[in-house]
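Notes to accompany the following structure.
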There are 4 protein chains.
Amino acid sequence: MAIITEQEYRNRIAKLKPRLFIGGKRVESLTDHPITRGVIDATARVYELTLDPQYKDTMQSLSHLTGEPISRALHIHQSRDDLHKRLDMARLSSQKLGTCNYRCPGNEMLPSLAATTWEIDHDKGTDYHQRFNNFLKYAQEKDLVVSGSVTDPKGDRSKRPLEQDPDYYVHVVEKRSDGIVVCGAKQHATGAYAADETLVLPGISCRKGEEDYALAFVVPNGTEGVTYIGQYTPFSVERECEPDNRVIGNPLYGQRETCLIVFDHVFIPWERVFMCGEIEYTQSFITRFAKTHRMNCGGACKVGFMDLIIGASQLMAEYNGLARVSHIAQKITRMLQLNDTSLACVEMATEK
Amino acid sequence: MAIITEQEYRNRIAKLKPRLFIGGKRVESLTDHPITRGVIDATARVYELTLDPQYKDTMQSLSHLTGEPISRALHIHQSRDDLHKRLDMARLSSQKLGTCNYRCPGNEMLPSLAATTWEIDHDKGTDYHQRFNNFLKYAQEKDLVVSGSVTDPKGDRSKRPLEQDPDYYVHVVEKRSDGIVVCGAKQHATGAYAADETLVLPGISCRKGEEDYALAFVVPNGTEGVTYIGQYTPFSVERECEPDNRVIGNPLYGQRETCLIVFDHVFIPWERVFMCGEIEYTQSFITRFAKTHRMNCGGACKVGFMDLIIGASQLMAEYNGLARVSHIAQKITRMLQLNDTSLACVEMATEK
Amino acid sequence: MAIITEQEYRNRIAKLKPRLFIGGKRVESLTDHPITRGVIDATARVYELTLDPQYKDTMQSLSHLTGEPISRALHIHQSRDDLHKRLDMARLSSQKLGTCNYRCPGNEMLPSLAATTWEIDHDKGTDYHQRFNNFLKYAQEKDLVVSGSVTDPKGDRSKRPLEQDPDYYVHVVEKRSDGIVVCGAKQHATGAYAADETLVLPGISCRKGEEDYALAFVVPNGTEGVTYIGQYTPFSVERECEPDNRVIGNPLYGQRETCLIVFDHVFIPWERVFMCGEIEYTQSFITRFAKTHRMNCGGACKVGFMDLIIGASQLMAEYNGLARVSHIAQKITRMLQLNDTSLACVEMATEK
Amino acid sequence: MAIITEQEYRNRIAKLKPRLFIGGKRVESLTDHPITRGVIDATARVYELTLDPQYKDTMQSLSHLTGEPISRALHIHQSRDDLHKRLDMARLSSQKLGTCNYRCPGNEMLPSLAATTWEIDHDKGTDYHQRFNNFLKYAQEKDLVVSGSVTDPKGDRSKRPLEQDPDYYVHVVEKRSDGIVVCGAKQHATGAYAADETLVLPGISCRKGEEDYALAFVVPNGTEGVTYIGQYTPFSVERECEPDNRVIGNPLYGQRETCLIVFDHVFIPWERVFMCGEIEYTQSFITRFAKTHRMNCGGACKVGFMDLIIGASQLMAEYNGLARVSHIAQKITRMLQLNDTSLACVEMATEK
């Protein structure tokens, strides 16, 4: 059961009870609210694509831990071929959804965690890597949606975390024998309130004295002390107001939804902590994440969106009787050139 | 009483009963609906600015027909100085409102009508110009909001009006002794449903055989057979949904609101018809309108918005502690350069 | 002796006696004239690089006809790996020369000729492919410089060849039992006057009635009736005027030199004719040539030049004490981004 | 005789004996050398235009010192109208010459000197302004070509003048009762070797300790210790090499010629010194010069060149039968837009 069906995903997600606010109001049911429902519908479509025989090679992989078939969204890439297929997955899901697939950010943090926890253990004799592998095996077995968050709210960007309100950035406030207690916030966390788990990575390269901020861990949805505040877009709100008149935006899945996650004295058991105080590895965590994130999310994912936009532009030209007008054909050709150039760049990024 | 107060405007507009639909629902009260209320609030602010002694020179003029003080929004420019002050008015209202001032499109049609009706009369012995002057005097005396519309829906743009559904474009379907009956539609009519009057100009240069489409007239709000369909933006809808959480868009006046106007056998008396069949003047109507519209609405108005946007960008940089970061300062400087270049172009347009 | 030394090349080229004019004067000696000497020096450097053990893998290949080591400049690519190495060769020679390597255009015509002659023979029962293979084997054995030319002068581009002076385009004026007689001209022929052989391909997709223009052949340097007119650049002339003051341009190899080739009743024996009248294949000749030419010459070659230009820009910034000035560093970074984007595009072109 | 004829100019200039080197060789005769002859021909054409009745209003003005007619190239602008006519003069001469008019840089230094010398005198009780007016009256009476130079070679731009070779920047090395002795160099001095006089302004805003560099003066052509080194362009050299084949560049007047001026212990009498040590006014000198220089030379002059280039582009399109090809017509239209935008910016610069 390492790859679950769309319905199994829907059944599991229906049980989640995150403390979530959107537009100033508490959201009682993820499956009923028009915004969160869009997130769930999009994610469900990704589960569906994963079991579609036509896309199996792109959407599935074999776990390097167990050898079992898993969703590629939980795979640690082992080869260039894996990187290429990861690009294909990003482009395909953008083409099919026209919005975020919601399994991507965590996906790109997993390889970063795998490599960097190994490095810390190797240098320091810690056991972060084993903890991470245990979590990964668990996530692969359950086929979980693992979200991820990196960016702290930062406040005044000319100041370091300790020079201003220390709770802008996520950090440890207490270390106990069984785990740590964290405070702070992460923003732009894509679809986190509808994910089974959320990975938290450091958002800056920490310096000496900032050990409490050198922190990586994973937290399950619904944990006490965790509040999600939806950074919703107005196009999604419209879905609520005008159910029969979805003229603007993506009528099936809405816009990409992100949230601010507030951690108010949240307890994280040690087995879910993957770094705690090792400031010299924060840069490595971020860089490894950023490299694949730019390639997949900054690159192939947007190529997929552009595929839709270019097609829609051509269709509009045709509907308006303008497809053979020279300056319009030139603009659409220019869009194709830019999209192919972007594709070339991300494909080359897998080679170098 | 040639220039009325904000309150007088509000009192008058509250009596309007246009047949208006927004988001598929009939709007019963212009002053209560969150979208139409924004249009009225913005227009009211323009009336307020017009009587503000600080802006009198910019916002007022003297009627060339009566010599009385009038709103510059109803003035026919008589000199380069008038053109310069018209630019100032456009920029000022954009700076103050952050959205459309709703008195602009009609304003730019008036000079086009004044000149072209005179020309037709001169060549053909018609009396369009006198009719127009009568209307203008009336509008100036009452200080009316005169909206305007040019763009027909067009359908398949590779075809002429008569090659497709003839009702895409506004045209005459019957000529009677007391007036004409028109059908068709105009789109992108800015704030027309909240204006006292709407001017209608031809949207294309008509050819032989298209005489029924060579049409200019003015129609009062609430005329039988006229339906307005709001081409609303989602940001405005949000105002309705989230009254206490106006985080996105212009919280005071909303976005610029336009509408589709459908004319279903609307009767226009001859004294309100300013062209009917003179195809050889349609180009002149459009060109004269377009020249000042590009200068004021395409130019100075947007310079005013950029003033706001540049200030807001600088403020964001300062709040985030980034004002002295080189690449951000360069981008804001670049915005200033572009805005000053736009300003130079529109100022020069008044000279040549 | 399939790969010759720089000196062997110089010895052979010294014997060439093309009818060449530069700046209105007949050039008597290719090795003495400052412009043609630059072309020879550049080409000689390519021969040197080809035998340099460090670049062997890039600059050499094995003939698919004989299995013998040959210069990659005379190779017909057999695989994606060949295409990649061809890119590497283009970039390397640009980096080393800072000007044209002069063996490139012919190189990109050879695969086009190999494929299209095979196609014609297959469809029509002609023997162009065997003739071409014979020529190729001869060129590989002697390690010849094979130049190429495609672009006819064209005249009025809104007209076809036969609607204007028929001699703008290269065409057959007589067919004999032993060969054909051609007239017309080709321009922008890179370094043709210093090459052993020049390939001639059709410059347009010929239509019915234009059979005489559907022509592909190869002509040795010094053939009777062939005149070269150097389309020299002033930077090269300067080398002549100011031998001790070569401050501008490339002081070793000059600028890229092209020429206009005039064919005045030139006899081409049948064994050197690779197409004659088969209009339906002209498009294929051009397209196949253009695809690799854009990739190698439009792409990788220019990436190599940009490598030099970016390095020189950085050096200038350092010499002037400006390397840490923000807006200059940003511009150099932007150059790097553009160059890497170009590289990504050409690398991807080998894959698709 | 305040405005001289072309021939009077040629007669006077023929007597100049500057110590000038071009391409490493001493130039013996300004009127014979192909590069310097181009400079003289261009300047002579400006004298011709000045007396052409058709251009009188643009090219002439009345001296504010004497009321006599003078060349506008020696006028101190007194009004916005003067600024507008100065733009017209710049554009006209670019259109007529297709190269530098050689009277422009000095022209833009004169108003800066007039204003700033007045300010220094007012604050410090010096008599620079009277000296300047005496020189100006003399130049106007003789209708001299007054060149100007601002830019010192600077060396390492991260260092101040005194932190490196002090002779990179022009500065005082001795003050005597009858004048000063200066050393250093100025570069990019347009046509200085063929001008009657050269104005020298400070190239940086001087700080405390840099008083010797806060220097403004004027030096006649041929003064002992002054050496000119032509920063010639290869297009000009070509004129020498290929007299019958002037296919590239401007065949009448060549390219804009600038030079490096080396001051090796040059004596300047006090009556020709307009600032000496007043560091707090260096910024003002530069800024006043730069504002009009950008407007005239950076702006209107280049608009004039673009007029030529756009016309030539259109002509090329027509000659090649391409004038109605959509993407070419669009590019030429884009050139027109850019040129009109530039013109709008400089015209507006005269207003604000």
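Of note, D:LYS142 satisfies the criterion of being of a type in the set (Lys, Arg) and under 30 Å from D:GLY67 (Cβ atoms).
Scanning the range D:139-165 for residues that are within 13 Å of D:ALA73 (Cα to Cα), of a type in the set (A, V, I, L, M, F, W, C) and part of a loop (DSSP other than H, G, I, E, B) returns D:LEU144, D:VAL145.
What are the residues in the range C:104-150 that are of a type in the set (D, E, K, R) and within 22 Å of C:TYR169 (Cβ to Cβ), if any? Within the range C:104-150, C:GLU108 is the sole residue that qualifies. Put simply, of D:GLU108, D:GLU119 the only residue that is over 29 Å from C:SER326 (Cβ atoms), modelled with pLDDT under 95, touching a helix residue (DSSP H, G or I) at 6+ places or on another chain (Cβ under 9 Å) and acidic (Asp, Glu) is D:GLU108. Of the listed requirements (1) in contact with a Pro (Cβ under 8 Å, 6 or more places away or on another chain); (2) buried (at least 24 other Cβ atoms within 10 Å of the Cβ), A:SER71 misses just one: (1).
Would you mind stating whether B:VAL182 is under 21 Å from B:HIS265 (Cβ atoms), surrounded by fewer than 24 Cβ atoms within 10 Å (Cβ to Cβ) and of a type outside the set (D, E, K, R)? In short, no. When A:ASP152, A:ASP143 are checked against the criterion of being within 14 Å of chain B (Cβ to nearest Cβ), crowded, with 18+ Cβ neighbours inside 10 Å, modelled with pLDDT of 95 or more and within 27 Å of A:ALA194 (Cα to Cα), A:ASP152 stands alone in meeting it. Once the range A:166-179 is narrowed to residues that are closer than 23 Å to A:ASN221 by Cβ and in a loop (DSSP other than H, G, I, E, B), the residue that is most open to solvent (accessible area, probe 1.4 Å) is A:ARG176. What's the number of the only condition in (1) touching a Leu at 6+ places or on another chain (Cβ under 7 Å); (2) surrounded by 24 or more Cβ atoms within 10 Å (Cβ to Cβ) that D:CYS206 fails to meet? Of (1) touching a Leu at 6+ places or on another chain (Cβ under 7 Å); (2) surrounded by 24 or more Cβ atoms within 10 Å (Cβ to Cβ), only one is false for D:CYS206: (1).
The set of residues in the range A:191-201 being crowded, with 24+ Cβ neighbours inside 10 Å and either in contact with a helix residue (DSSP H, G or I) (Cβ under 6 Å, 6 or more places away or on another chain) or assigned to a strand (DSSP E or B) (or both) consists of A:GLY191, A:ALA194, A:THR198, A:LEU199, A:VAL200, A:LEU201.
Only strands (runs of 3 or more DSSP E) whose full extent lies in the range C:1-120 are considered here, and the ones with at least 3 residues that are not polar (S, T, N, Q) are C:19-22. The one condition from (1) of a type outside the set (Gly, Ala, Ser); (2) over 19 Å from B:LEU110 (Cβ atoms); (3) touching a Pro at 6+ places or on another chain (Cβ under 6 Å) that B:ARG160 does not meet is (3). Filtering C:ASP82, C:ASP88 for residues that are open to solvent by 10 Å² or more (accessible area, probe 1.4 Å) and under 20 Å from C:LEU199 (Cβ atoms) leaves a single hit, C:ASP82.
With respect to being over 29 Å from B:SER63 (Cα atoms) and touching a residue at least 24 places away in the same chain (Cβ under 8 Å), B:SER205 fits the description. Annotation for the range C:59-66: at least one member residue is within 18 Å of the chain's Cα centre (by Cα) and open to solvent by less than 10 Å² (accessible area, probe 1.4 Å). The residue that is farthest from the other protein chains (Cβ to nearest Cβ), counting only those in the range C:18-43 that are closer than 14 Å to C:GLU8 by Cα and buried (at least 19 other Cβ atoms within 10 Å of the Cβ), is C:THR43. Going by the conditions given, is D:ARG176 at pLDDT 95 or above and either of a type in the set (A, V, I, L, M, F, W, C) or farther than 27 Å from C:MET316 by Cα (or both)? Yes. Looking only at residues of the range C:210-265 that are in a loop (DSSP other than H, G, I, E, B), open to solvent by less than 50 Å² (accessible area, probe 1.4 Å) and modelled with pLDDT of 95 or more, we find that the one that is farthest from D:GLY24 (Cα to Cα) is C:GLU210. For first residues located in the range B:129-143 and within 13 Å of B:PHE217 (Cα to Cα), partners that are among the basic types (Lys, Arg) and lie 6+ apart or on another chain with Cβ distances below 9 Å form the pairs B:ARG131/B:ARG272; B:PHE135/B:ARG272.
Filtered by the rule that a residue be open to solvent by 30 Å² or more (accessible area, probe 1.4 Å) and touching a residue at least 40 places away in the same chain (Cβ under 8 Å), the range A:299-323 gives A:LYS302, A:PHE305, A:ASP307, A:LEU308.
The values are calculated or read from the model by the stated rules, or taken from the named source; none is laboratory data. Fair warning: this is a prediction, and the values are worked out from it, not measured in the lab. In this analysis, Cβ positions are derived from the backbone assuming ideal geometry, glycine residues included, and neighbour counts consider all displayed protein chains. Heavy atoms of the whole protein, side chains included, go into the accessibility calculation; ligands, DNA and RNA do not. Shrake-Rupley method; radii C 1.70, N 1.55, O 1.52, S 1.80 Å.
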